[in-house]
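Bear in mind these aren't lab numbers, they're just calculated from the coordinates by the rules spelled out. Note that the structure is predicted; figures quoted are calculated from it, not measured. Note that each Cβ is placed from the backbone with ideal geometry, even for glycine, and that neighbours are counted across all protein chains shown.
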Amino acid sequence: MFVTIGNATQGFSRLLGAVDRLAGQGYFAGDPVLVQSGSNSNFPTAHCIQIPFLSMEGFLAKIIEADLVITHAGAGTLLHVLLAGKVPVVMPRRRKYGELIDDHQLELVEVLAVEGRIIPALEPADLPSAIARARRQLQYGKANPSSCLVSLVGKAIDDLIERAK
């Protein structure tokens, strides 16, 4: 399993802590859990393998290798995961927790969840059922991203770039 939270400078211990707790409870049946912790490199994980950042090649390889990807709702990350044919479990960073300055990730999750492209987990308590659902979906094969979806994610990336200027 591969967990990635992107490279935002704000913390995302809400997702990291939930995954580490589940791993400690044996929820992943002893499968190794690799966490790309980004700027949260000091997060104390006791039950996962942690690396702050990966090269782009390493990042893409981990997405392809993973049976299950759990991620934040960064548009770039989602584009890579979806193009790899994965249906990820996605927890958006939220403004109300100080994880981002707005709720654009929540908006993206809502749209992609309706299309069935992702499995949302808005809060840590949602993770176990979202992971179970993702595991059930693995039996149906890879998702094929539609051109509409690729356009939507591309537009979200363009919007983010414009906001950053």
Legend entry - Gain in span if fully extended, Phe59 to Val111, counting 0.36 nm per residue against the direct Cα distance: 16.3 nm
Inset, instruction - Please order His80, His72 by the number of other Cβ within 10 Å, starting at the fewest. - result: His80, His72
Legend entry - the stretch 1-125: relative contact order as a whole-number percent, Cα under 8 Å and 6+ apart: 24 percent
Legend entry - Label point distance in nm, Ile101-Thr9, each placed 7 Å from Cα along Cα→Cβ: 1.1 nm
Legend entry - Residues Phe12, Phe43 arranged by fewest to most Cβ contacts within 10 Å: Phe43, Phe12
Legend entry - Ascending count of other beta-carbon atoms within 10 Å, so fewest first, for Ser55, Ser129: Ser55, Ser129
